[in-house]
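Asker: There's a structure below that I have some questions on.
The values are calculated or read from the model by the stated rules, or taken from the named source; none is laboratory data. Here the structure is a predicted model, which is why all the values come from computation and not from measurement. Virtual Cβ from ideal backbone geometry, glycine too; neighbours counted across all protein chains shown.
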Amino acid sequence: MSSYRPEVAALLGKEFRCLDKGFVRLIDVMGDDAAIVQAARVSYGEGTRSVSDDRKLIRYLMRHRHTSPFEMVEFKFHIKLPIFVARQWIRHRTANVNEYSGRYSIMRQEFYLPEPEQLRPQSALNKQGRAEEPLPPDLAEQLVTRLRQTQNRLYAEYQELLQHNLARELARINLPLSLYTEWYWKIDLHNLFHFLQLRMDEHAQYEIRLYAHTIADIVKVVVPLAWEAFEDYVLGAVTFSRLEQRILARLLRGSQLTDRLLEEAGLEGREAREFRQKLARILREHDEEAP
């Protein structure tokens, strides 16, 4: 975009704090809602119509998963984040990334220390996540102190290796994943929506989820119509497998949801539990709307 709407211009360069030392900054953006509809209409040569028409078209595109017009909008961010978050983040391989280099520059003494209430035991249900209940406060404080001491010791050793003129690319190798790094991250809106769908999910790790919500607050200002459609048709949507639809059909005909019904349809264990969670989510989110 050669010019920005005032609300978008106000975001450029603004630092949104994340975690204890991290941030997200919007550096540049190309395109907006109008760019999406212009790309979608190019096949029959019509430009932007009214806002109402634009909204209908964007919602149609999102609803039917016509994704290429959303790729016409691009965001470039400057992000400071712990290395362990960056390693999760980089699994989204549909962006352009340029990261701060520990080969060329000395790494700064900046480490992530979680808040004591974020120190929790391993979840009994989720093998890759933490439980809901935090550790006892006294124990959590002790562990935070332990983390801080280890970080300081490893950084002191890093400095000592540098003083012995060890190459920076080798001196850095014992630094922990809690160390902060920075990068420029450029991504189109279609792939950014996919990133946000996964990383805003309640099952995503807390730290990367915080960054995702911060980015979402920026995106919804730049492309409000596309964001509304994304919320309605992706974030707020619930998908059902063929087996789950078989059960839904029986429920609509008056059957009761029982373990036997799930088993007869071929749902067992975790899959059955996830189906129940989907139904519970629908009831929970729309309970106030019931007549």
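Asker: Among (1) outside any helix (DSSP H, G or I); (2) small (Gly, Ala, Ser); (3) more than 14 Å from the chain's Cα centre (by Cα), there is one condition Ala171 misses while meeting the rest; what is its number?
Answerer: Tallying (1) outside any helix (DSSP H, G or I); (2) small (Gly, Ala, Ser); (3) more than 14 Å from the chain's Cα centre (by Cα), Ala171 fails exactly one: (1).
Asker: Shifting gears a bit: Considering each of Tyr180, Tyr184, Tyr211, Tyr206 in turn, give the residue that is under 17 Å from Asp28 (Cβ atoms) and not hydrophobic (A, V, I, L, M, F, W, C).
Answerer: Matching residue, one of Tyr180, Tyr184, Tyr211, Tyr206: Tyr184.
Asker: Only one of Ala226, Ala212, Ala204 is in a loop (DSSP other than H, G, I, E, B), within 30 Å of Phe23 (Cα to Cα) and outside the structural domain of Asn126 (by TED's automatic domain parsing). Can you tell me which?
Answerer: Values: Ala226 fails: in a loop (DSSP other than H, G, I, E, B); Ala212 fails: in a loop (DSSP other than H, G, I, E, B).
That would be Ala204, the only listed residue that is in a loop (DSSP other than H, G, I, E, B), within 30 Å of Phe23 (Cα to Cα) and outside the structural domain of Asn126 (by TED's automatic domain parsing).
Asker: Quick check: is even one residue across the stretch 144-164 exposed (fewer than 14 other Cβ atoms within 10 Å of the Cβ), under 23 Å from the mean Cα position of the chain (by Cα) and over 30 Å from Gly269 (Cβ atoms)?
Answerer: There is no residue in the stretch 144-164 that is exposed (fewer than 14 other Cβ atoms within 10 Å of the Cβ), under 23 Å from the mean Cα position of the chain (by Cα) and over 30 Å from Gly269 (Cβ atoms).
Let's see how each residue does on (1) out of contact with any Leu (no Cβ under 7 Å at 6 or more places or on another chain); (2) under 30 Å from Tyr180 (Cβ atoms); (3) free of Cβ contacts under 8 Å to residues at least 12 places away in the same chain; (4) not hydroxyl-bearing (Ser, Thr, Tyr):
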site: Arg199; (1), (2), (3), (4): yes, yes, no, yes
site: Ile208; (1), (2), (3), (4): yes, yes, no, yes
site: Leu225; (1), (2), (3), (4): yes, no, no, yes
site: Leu248; (1), (2), (3), (4): yes, no, yes, yes
site: Ser255; (1), (2), (3), (4): no, no, yes, no
site: Thr258; (1), (2), (3), (4): yes, no, yes, no
site: Leu261; (1), (2), (3), (4): yes, no, no, yes
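Conditions (1) more than 21 Å from Gly236 (Cα to Cα); (2) in contact with a His (Cβ under 9 Å, 6 or more places away or on another chain); (3) modelled with pLDDT of 90 or more, marked per residue:
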{"site": "Leu251", "(1), (2), (3)": "yes, no, yes"}
{"site": "Thr258", "(1), (2), (3)": "yes, no, yes"}
{"site": "Leu261", "(1), (2), (3)": "yes, no, yes"}
{"site": "Gly266", "(1), (2), (3)": "yes, no, yes"}
{"site": "Arg273", "(1), (2), (3)": "no, no, yes"}
{"site": "Lys278", "(1), (2), (3)": "no, no, yes"}
{"site": "His286", "(1), (2), (3)": "no, no, no"}
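Asker: Scan Leu125, Leu113 and give me the residue that is surrounded by fewer than 14 Cβ atoms within 10 Å (Cβ to Cβ), part of a loop (DSSP other than H, G, I, E, B) and not assigned by TED's automatic domain parsing to the domain that holds Glu207. Lay out the reasoning, then the answer.
Answerer: Numbers: Leu113 fails: surrounded by fewer than 14 Cβ atoms within 10 Å (Cβ to Cβ).
Exactly one residue qualifies, and that residue is Leu125.
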